[in-house]
Structure formats: structure tokens, C-alpha cells
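Notes follow once the structure below has been shown.
The values are calculated or read from the model by the stated rules, or taken from the named source; none is laboratory data. Nothing here was measured: the structure is a model prediction, and the numbers come from that model. Counting neighbours? That spans all protein chains shown, and the Cβs are built from the backbone with ideal geometry, glycine included. Surface accessibility is based on the protein's heavy atoms, side chains included, excluding ligands, DNA and RNA. Shrake-Rupley method; radii C 1.70, N 1.55, O 1.52, S 1.80 Å.
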Amino acid sequence: MIVARVRHAAAAGFILASMAGCGHKGDPVPPDHPTPPAVSAFAIERTGAEVTLRMVLPAPQPDERSSRLYDRVEVYALTKREKDPAPTPVELLASAHQVATVSPPVKEKTSADEPPAEPADVTISFKDTLAADTPVAAMVRYYAVQAARGKRRGPLSLVLRVPLDSTPAVPPDVAATYDERVLKLSWSAGQAGDRFLVDETDAAGASPTLLTPAPIEAASFETPVEFGRPRCFVVHAVQSHAGVTIVGRPAAPVCVTPVDRFPPAAPADLVAVAAEAAIDLSWTASTATDVAGYLVLRAEGANGTLQPLTPKPVEATAYQDATARSGVTYLYAVKAVDRAGNDSAISNRYTVTARSDKR
């Protein structure tokens with residue numbers, strides 16, 4: 001009994017000492033095996049037979065153990081008939097329904113001289129390509145993801161429901177127009193709730209480059225015009241609901257090579273001053289960005305017909321007419337010429353009489 005009491009007292013002392021140690025001042029020490037974090041954002045996009053999953057895990061805390069929170073994300077999927085009940089989490093988490101294990105991106109090591117990088121959310125993506133013989137009529141595929149490390153697993157994400165036979169209609173009446181500033185695509189709006197994605201492609205609709213990072217609501221899209229450059233575009237309708245986006249088939253490519261037929265803005269504020277044996281002209285530049293130069297026009301008499309005085313455009317916004325004859329009245333105007341050869345309207349007209357010869 002004495003031995004037992006001694007043992008009990010020693011055990012009690014150890015427990016009390018441990019409890020006292022837990023109350024010491026200072027930052028708490030994180031557990032050696034923390035629970036993996038929950039996925040903070042989970043979204044899916046289906047285009048035909050390709051289903052792209054994007055998941056975000058919250059930024060780790062800036063401590064030395066943060067990199068050990070998880071080492072992978074497990075992806076689960078199950079296809080069922082549309083009329084059947086949705087799977088329970090227990091049913092979905094069966095090992096037979098795990099379709100992928102995705103590793104997070106590897107962070108590059110920084111040198112000792114560089115300050116540590118700020119913690120940031122980690123975005124992970126996975127593409128699930130459905131087999132060609134996958135039945136799709138009245139079928140739904142359910143997805144969920146879960147962060148894990150070793151045998152420890154974090155909370156299951158939301159279960160997202162992806163219809164396999166629902167596809168938005170192809171946008172009709174896609175057309176391209178342009179002016180001197182922008183190239184504009186427009187099309188007829190489809191069914192209620194449709195939004196749209198625009199890709200730049202080749203004439204066959206291949207090698208797409210997404211121009212709209214997020215779906216747009218308007219049935220039109222504008223991009224800066226580039227004269228002389230052939231460009232082709234396709235438009236997709238998309239439907240989004242509860243974290244799932246379904247992308248429809250693209251409309252046929254619309255191709256256009258913009259041609260600059262647009263005259264530049266006219267120069268303004270023309271002034272002509274009679275100088276010794278010449279007439280000096282100056283004006284305010286055209287506001288167009290593609291001006292190649294200016295043509296100076298002249299006529300004899302206040303009501304004469306303007307004719308080009310300069311054989312080719314001058315780049316400056318000033319010109320000296322050294323051919324003016326003493327005592328003759330002249331009418332002047334200026335017009336801008338752009339790099340495509342388009343002439344602007346003429347500037348204001350200005351009448352001046354050359355100085356008489358000295359006697």
C-alpha cells in the first residue's frame with residue numbers, strides 16, 4: 001500500500017507539473033501533426049468532356065511548421081443518374097471513387113539574404129477528362145476534394161454537382177465591326193442567364209487564347225483595333241450555378257483584317273504671317289495618333305482654289321513659303337495625312353498679303 005501510494009503521489013506530481021508547464025508564458029507550440037486545412041474555395045468548369053477543378057487552400061501561418069499542413073489534395077468523383085439521390089459524403093469518400101491525388105506546387109527556395117515571402121493562398125487545379133464511352137444523357141457527376149497529409153485528412157469540401165448533358169446554345173449572329181479606335185464583336189443574346197467567353201483563334205478555331213478572364217454579361221466585346229493584322233475570334237455561351245460553370249460549344253470563327261480608311265482629325269489654329277521675302281505659317285497638330293505629316297495648300301486671291309504647295313507631307317507644324325511673290329494676296333490651309341494615306345479635312349483658312357519689294 002505504501003508503494004502504491006508513493007506511485008500515485010509521483011503520478012499526481014507529474015500530472016501537476018505537466019499542467020503547470022502548460023501555463024507558462026510565451027507563444028503556444030503548434031502540434032506536430034496539425035489537421036490539414038479545409039479548402040477555402042472550390043469551383044468547377046466543364047467544357048465538353050473536360051472538367052477542370054480549381055481549389056484554393058488558405059495561406060499557411062508564417063511559422064516553420066506551416067509547410068507541413070498538407071502534402072496533397074485528394075479528388076473524389078462519382079457519376080449517378082440525374083433522378084437518383086445525391087451521394088452522401090461517406091459514399092463519395094469511398095476509395096473506389098478517388099480519381100486523383102494532386103500535389104501542391106513546389107515553392108522556390110529564397111536565398112539567405114532575401115526576406116521570407118509573405119504567406120499566400122495556394123491554388124491547385126486538376127483536369128478530369130471523361131472517357132469517350134461515358135454515358136451523359138440524364139447523368140450527373142459529383143465532385144469533392146480534401147487536403148491530406150500522411151493519414152490525416154482535413155474537412156471535405158462542398159460537393160459540387162456537374163450535369164453532363166446540359167450545354168448552353170451556340171451564340172448566333174456573331175459579327176465583327178471596327179472604327180479607328182476599337183474592334184467590336186457582337187452577337188445575339190441567347191437564353192436567360194447566359195454569359196459569354198471570347199477567344200482569339202486561327203481561322204480554323206484552333207489555338208485559342210482567352211480574351212475574357214471571367215465570363216461577361218453583355219452580348220458584345222471590344223478590343224483595340226490593329227490595322228492590317230488578320231484576327232479571328234470565337235464566342236462561347238456559359239451557364240454558372242453553385243460553383244459550377246458549363247461552357248458551350250463555340251460559334252464559328254469570325255475573321256477580319258481591319259483596313260484603315262479613317263481620316264485623321266484636321267489640324268487647327270492656322271496662322272500665316274508675312275515676313276521678309278516669305279510667309280511663315282504655323283498650326284496646331286492633329287489629335288490623331290497615326291499622323292505622318294501635313295500638306296500645305298495655297299491659292300492666289302482670297303477666293304482662289306486651294307492647290308497643294310508642298311509636294312509631300314511635312315512633319316513639322318510650321319512651314320515657310322519662300323515662293324510667295326511680293327504684294328500678292330494668298331489664301332492658305334493645311335490638312336493632315338495619316339500613315340495609311342488618308343487625308344483629313346482642311347484646317348481653317350487664312351488670308352495674307354506678301355510684303356511689297358523694297359525700293
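Within segment 92-119, which residues are modelled with pLDDT of 85 or more, surrounded by fewer than 12 Cβ atoms within 10 Å (Cβ to Cβ) and under 29 Å from the mean Cα position of the chain (by Cα)? Residue satisfying the conditions is S103 alone. Within segment 309-333, the residues that satisfy the criterion of being of a type in the set (G, A, S), touching a Ser or Thr at 6+ places or on another chain (Cβ under 6 Å) and open to solvent by 20 Å² or more (accessible area, probe 1.4 Å) are A318, S326, G327.
Only residues that are touching a residue at least 24 places away in the same chain (Cβ under 8 Å), part of a loop (DSSP other than H, G, I, E, B) and either more than 15 Å from V273 (Cα to Cα) or among the charged types (D, E, K, R) (or both) were counted in segment 308-321, giving 1. With the structure loaded, tell me whether A237 is under 30 Å from A169 (Cα atoms), of a type outside the set (S, T, N, Q) and in contact with a Pro (Cβ under 7 Å, 6 or more places away or on another chain) or whether it fails that test. It is true that A237 is under 30 Å from A169 (Cα atoms), of a type outside the set (S, T, N, Q) and in contact with a Pro (Cβ under 7 Å, 6 or more places away or on another chain). List every residue pair whose Cβ atoms sit under 8 Å apart, with the two residues 6 or more apart in sequence or on different chains, where the first one lies in segment 47-67 and is among the aliphatic types (A, V, I, L, M) and the second, anywhere, is modelled with pLDDT under 80. The qualifying pairs are A59/P119. When restricted to residues that are at pLDDT 95 or above, closer than 30 Å to A265 by Cα and of a type outside the set (G, A, S), segment 170-218 contains 6. Just one of the listed residues (A237, A336) is closer than 30 Å to T353 by Cα and either open to solvent by less than 60 Å² (accessible area, probe 1.4 Å) or assigned to a loop (DSSP other than H, G, I, E, B) (or both), namely A336.
A count restricted to segment 145-162 and to residues that are within 14 Å of T101 (Cβ to Cβ) and aliphatic (A, V, I, L, M) stands at 3.
Scanning segment 286-306 for residues that are at pLDDT below 95, aliphatic (A, V, I, L, M) and more than 45 Å from the chain's Cα centre (by Cα) turns up just one, A302. When the criteria are applied in full, A38 meets the requirement of being under 38 Å from the mean Cα position of the chain (by Cα), more than 30 Å from A137 (Cα to Cα) and either open to solvent by 60 Å² or more (accessible area, probe 1.4 Å) or modelled with pLDDT of 55 or more (or both). Yes or no: A324 closer than 30 Å to A169 by Cβ and outside any strand (DSSP E or B)? Answer is no for this residue.
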